[in-house]
1. Consider all pairwise Cα distances in the stretch 194-305 and report the whole-number % of them above 16 Å.
2. Over the stretch 194-317, what is the relative contact order in whole percent, taking alpha-carbon pairs under 8 Å and six or more residues apart?
3. Can you tell me how the stretch 1-88 classifies by the Cα gyration tensor, rounded, prolate or oblate, using a/c under 1.5 as the rounded cut?
4. Please turn the phi angles of the stretch 258-263 into ³J(HN,Hα) values with the Karplus equation 6.51 cos²θ - 1.76 cosθ + 1.60 (θ = phi - 60°), one per residue in order, whole Hz, x for glycine and proline.
5. List the equivalent ellipsoid semi-axes of the stretch 261-329 in whole Å, largest first, each obtained as the square root of 5λ for an eigenvalue λ of the Cα gyration tensor.
6. With a ≥ b ≥ c taken as the square roots of the eigenvalues of the C-alpha gyration tensor of the stretch 107-237, please select rounded if a/c is under 1.5 and otherwise prolate if a/b is larger than b/c or oblate if it is not?
7. Going down the table (Lys179/Lys223; Lys133/Lys230; Lys161/Lys223; Lys223/Lys292; Lys133/Lys214; Lys230/Lys292), which pairs top 28 Å between alpha carbons?
8. Give the calculated FRET efficiency between Gln185 and His227 to the nearest 0.05, with a Förster radius of 25 Å applied to their Cβ-Cβ distance.
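The values are calculated or read from the model by the stated rules, or taken from the named source; none is laboratory data. Please read these numbers as outputs of a predicted model, since none were measured by experiment. Positions of Cβ are generated from backbone atoms using ideal geometry, with glycine treated the same way; all protein chains shown enter the neighbour counts. Please note that ligands, DNA and RNA were not included when accessible areas were found on the heavy atoms of the full protein model with its side chains. Shrake-Rupley method; radii C 1.70, N 1.55, O 1.52, S 1.80 Å.
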Amino acid sequence: MIALAQKASFSVDALAIDAARETERIAAALRNQLRLLKRRGLVIGLSGGIDSSASLALAVRAVGAANVFALFMPENDSDPESLRLGRLVAETFGVEGAVEDIGPALKAMGCYDRRDASIRELVPDYGSGWASKVVIASSLEGDGYNISSLVVQDPQGRQQKLRMPLSAYLGIVAATNMKQRTRKQMEYYHADRLNFAVVGTPNRLEYDQGFFVKNGDGAADVKPIAHLYKSQVYAMAAHLGVPEDILRRPPTTDTYSLAQTQEEFYFSLPYGLMDLCLFGLNNGVPAVEVAKATGLTAEQVERVWADIAAKRKVARGLHMRPLLVEPVGEIGD
C-alpha cells in the first residue's frame, strides 16, 4: 500500500504520496517482474499523455534507457501534438523509439469506413470533411447510468449533438476499438523481436472502471501505475522529470476526429474530483465528507458512486480470463 498523508478531515491531502519512495518501489517491482517473465527490457507505446510518459520514466528508472523501447503510433484521427510530445518524452529520457503509422492498416481493415457507416445511421450526409466524437452526460445529473451521444461537425464547422440508437453506438465503438488493438499488435511485435515485455499504462481510475479496450490497451505484461490515482501519477511524473508540456496537457482520448477530453468520453468529472470520489468510496469515507472535499453535494457524490458501480460491472468482464468448460489448472501446478 502507498503511504498516505494523514489529516484530521478528508481532503485532497489523502492522495499525497512520497514520490521518491514510490518510484523506487515500482522500479524494484518492474525488475522483479522482468526476471519472472524472463525478458530483458520494456516496450511502451507513447501517446504524449501523462500516463504513458510517467510509465516510460519509471521503466527507465527500473532498467535503464538502453533497455526501453518507445513506439509512436499515430493514425488518421490523431492530434499531431501527440506525436510531438511523445518524441519529446523519449528524447528527455534518452530512449530509442520508432514511428509506426497505423492509419494505412486501419484503413485497409475498414476501421474508418465501418465507423462512418454507423454514423450515417443518424447523419446520412456524414463523410469527407466531417468530424465526430462520442460524449456522455454528467454523472452528477443522472442516476448512475450515463447515456452516450454523438457529436458531429460538418465541413462548415457547424456542430450538432444526437442521441444514438444502440446499433449506431455499438458500431462506432467497435470500429474505434480497432485502433487500440492494432497499436497493441505493434507493441507485441517489437517486444517479441527484442525479447522485451510490454508495458500497460492504465492508472487506477482506468483500471478500476474499465476505461480500456480488451485485448487492446488493456493487454500488457506489466502495469506499473495501475494502483496510482491520476493525481498521484501527476505527482510521480513531476518527480521523475516529465516535461512541463506533458504535465500541463489536459487528459485526452486522442481517438476521435473531434478533440475529446477523457471526462467527455468516460469519467464525466475532472480527474481530481474523480480521484477523491473513488478514494472516498474505496476507503469508507462518508459521502458528506467527500462532498466537503470536492465541492459537490452529498447527493452528487452518491450519484458519482452509482456511476462508478455501473462502470465496475463493465470492468469486471473486461478483466476476466477466457471462460473454460472445466478447470485445467495453472501451468506448473
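1. When every Cα pair of the stretch 194-305 is considered, 66 percent fall beyond 16 Å.
2. In percent, rounded to a whole number, it is 24.
3. Note, shape of the stretch 1-88 comes out oblate.
4. 9, 4, 8, 7, 5, 6
5. Sorted largest first and rounded, they come to 31, 14, 9 Å.
6. oblate
7. Violating the 28 Å Cα-Cα cut-off are Lys161/Lys223; Lys223/Lys292.
8. It comes out at approximately 0.40.
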